[in-house]
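Trainee: Quick one: the structure is below, questions incoming.
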Ligand SMILES: [Zn+2]
């Protein structure tokens, strides 16, 4: 499973800190009960990112990126056990604030994952 940190402006603003952490899961193997509120906005890449929130408490649950059809970016904070994830990639590191810790032990990209525009995902 691809799990990673994103330091893009939208993630920083929605998290209230330096980044968001997501797990990429195939939408076909994912089930959601209940309804979510959605907010769609073009990302720096030009892809449209749709962020989905709990309509009651506002907690971020997941997002979809038009550059990754069929995949859901599940927000780590929505998991009952965040230790199920082992983040293995960092994107938009060039937008990280100077005080943020960027884990250099995994692949780090200054912007989006290269190849995303061609529909490739990190291995
Ligand atoms: Zn982001």
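The values are calculated or read from the model by the stated rules, or taken from the named source; none is laboratory data. None of these values were measured; they are calculated from a predicted model. Cβ atoms come from the backbone with ideal geometry, glycine included; neighbour counts cover every protein chain shown.
Trainee: Can you tell me which residue in region 93-106 is nearest to the ligand (Cβ to nearest atom), limited to those that are modelled with pLDDT of 95 or more and surrounded by 13 or more Cβ atoms within 10 Å (Cβ to Cβ)?
Mentor: 95
Trainee: Here's a follow-up. For region 1-86, give me every one of the strands (runs of 3 or more DSSP E) that falls completely inside it and has 3 or more residues that are within 13 Å of the ligand (Cβ to nearest atom).
Mentor: Because the criterion is at least 3 residues that are within 13 Å of the ligand (Cβ to nearest atom), the strands (runs of 3 or more DSSP E) in region 1-86 that meet it are 2-6, 20-26, 48-53, 60-65.
Trainee: Okay, moving on. Scan region 28-63 residue by residue and report those that are surrounded by 13 or more Cβ atoms within 10 Å (Cβ to Cβ) and touching a helix residue (DSSP H, G or I) at 6+ places or on another chain (Cβ under 8 Å).
Mentor: 43, 44, 45, 47, 49, 51, 60, 61, 62
Trainee: Looking only at region 89-112, how many residues end up being over 13 Å from residue 4 (Cβ atoms) and touching a strand residue (DSSP E or B) at 6+ places or on another chain (Cβ under 6 Å)?
Mentor: 0
Trainee: Taking the criterion of being loosely packed, with under 14 Cβ neighbours inside 10 Å, out of contact with any helix residue (DSSP H, G or I) (no Cβ under 6 Å at 6 or more places or on another chain) and over 19 Å from residue 113 (Cβ atoms), would at least one residue in region 19-27 satisfy it?
Mentor: No - not one qualifying residue is present in region 19-27.
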